[in-house]
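Everything below concerns the one structure shown next.
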Amino acid sequence: MTAQCPSPRLWSCSVNGCSAASAIDVGACECCCSHYCWQHVDSPDHTCEKEPLDEDAWYGARAAELHAVYERMQDTALLEIAQGLRPNVPCEMAPKDTTSSAMLGGMHMHMEVCFADGISWLARIPRMNFQSFPSDITNALLLSECGTLRWLEGANIPAPRLHAYGLQGDAANKVGIPYMLIDKLPGRPFLGLDASPAQKERVYTALARILATLKQHPLDKIGCFTLSPDEQVQLGPVLGDRAGTHYHDGPFDDAKTYYASWCEHHLALIADRQLYAQYAVDAYVMFAFLKEQALAGAWNCVAPEHDSGPFYLKHLDDKGDHIFVDEDFNITGIIDWSFARVVPLYEAFGPSLLTADLNGLFGGVPGDRVEDELLATKLDGIVPSLGAVARSADIVRRLTFGPGLGMGFTKDEAVASFKAMLATLGLETSNFDWESWRMEYLRSHQHDIRLQLLEDRESG
């Protein structure tokens, strides 16, 4: 059994005198750049207009963020590092433009170092705004991606090479901000391109080869890579997910404990009203049930022995923009390895976001499996056992990317997603009624202290 864990708090409520944590899903206000708990986000204490930024304000906020980083960043120090690594080739910073969003992603910004021979590197910098993680988490995530890139280089996976890095708050970091110095890969993201069937097949065939290469590098624990103080690649704890629900647990020896820990982390956040506060009891019941299923091994739809390893590296945001392709749709590399982790075989090579029917996945209905089958067919010709895994039931994909990332769900959307998960787990749902199911679960779990407290708050 996994123990109940305390809930980590990334941000506190901005209202004076309030000791509550900010609501991760609804508490961040981009209008006043503040964080609020679930009670104060729509209260008179939150005095701004509470409206999403219009286009001009949105671009203005991004420009201000870029300008603030430009002010802090010591270009000369970064160029000295790059020049020291390629001493015979002059380099310079590419022109900076606060009006451009081309190099500003969801969690990172990028600045280009251009060498005289045409090679370019990128300074990959964690974004710095009111939603940035605290320094210890920022550094842990940066070291994890650094460790992952170093491991990928040794495994001969096409990905940016890591050349240098600096941590936030480290006196030895003369660049002044946290950064990674990595290759700039040629090409463009595959996601969103109007690929013909033949071009898509080319990409999927190349991706199948990459997955087959990852299969050749098994590991004995579940966790995230990191770099030790002497820059050795090590396997450390799991470091949360791309939704920002940060946690620090593991490494794990078995899949059941790993998935139960993921559920327990969400339960702790729900109990602390950091997630799903508008329907906390309902959300708690869903994740408590999923934790029970995890401990029972129900998340494994392949074979029980895979719960105890070996384990394999998985890109956690594999929806297609992580794949760079050239004009002929050859893969030039895989980018954006933040939050990558070592996981069981059936998650590492099972149904992915790239091949998902996202409307079905987030809409709580069974999606078509056409894209899953296409990638599985390509794997059949390289490692047939992986083809079988790729076309297996999408339990882990639906469980982790349904409730785990559906933080904007209404209660009705969450219930629909949960019903679809029950069906994916092979449970009968034809006559499913949420309120009846919920009441029965509450009756059978009346001794759960956290659940009792949530019920008391809801009824009070």
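The values are calculated or read from the model by the stated rules, or taken from the named source; none is laboratory data. Everything numeric in this text was worked out from a predicted model, so none of it was measured. As a convention, Cβ positions derive from the backbone with ideal geometry for all residues, glycine included, and neighbour counts pool all protein chains shown.
Tabulated data
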quantity	calculated
Some residue of segment 19-40 being of a type in the set (D, E) and part of a loop (DSSP other than H, G, I, E, B)	yes
Members of segment 46-87 found to be acidic (D, E) and part of a helix (DSSP H, G or I), listed by number	E55, D56, E65, E71, D75, E80
Residues within segment 188-210 that are of a type in the set (A, V, I, L, M, F, W, C), farther than 21 Å from V383 by Cα and touching a strand residue (DSSP E or B) at 6+ places or on another chain (Cβ under 8 Å), tallied	3
One residue from K314, K319 being out of contact with any Leu (no Cβ under 6 Å at 6 or more places or on another chain) and surrounded by fewer than 24 Cβ atoms within 10 Å (Cβ to Cβ)	K314
Options R86, R72, R127: the member that is free of Cβ contacts under 8 Å to residues at least 40 places away in the same chain and under 21 Å from K174 (Cα atoms)	R86
Every pair of residues 6+ apart whose Cβ atoms lie under 8 Å, when the first sits in segment 143-160 and is of a type in the set (V, I, T) while the second is assigned to a loop (DSSP other than H, G, I, E, B)	T148/W337; T148/A340
In segment 405-456, the residues that are charged (D, E, K, R) and under 29 Å from the mean Cα position of the chain (by Cα)	K411, D412, E413, K419, R450
Residue identified as crowded, with 20+ Cβ neighbours inside 10 Å and either of a type outside the set (K, R) or modelled with pLDDT of 90 or more (or both) among T410, T355, T429, T377	T355
Test for A159: is it part of a loop (DSSP other than H, G, I, E, B), within 29 Å of H248 (Cβ to Cβ) and touching a strand residue (DSSP E or B) at 6+ places or on another chain (Cβ under 8 Å)	yes
In segment 112-150, residue nearest to D97 (Cα to Cα) [restricted to those that are aromatic (F, W, Y) and more than 18 Å from the chain's Cα centre (by Cα)]	W121
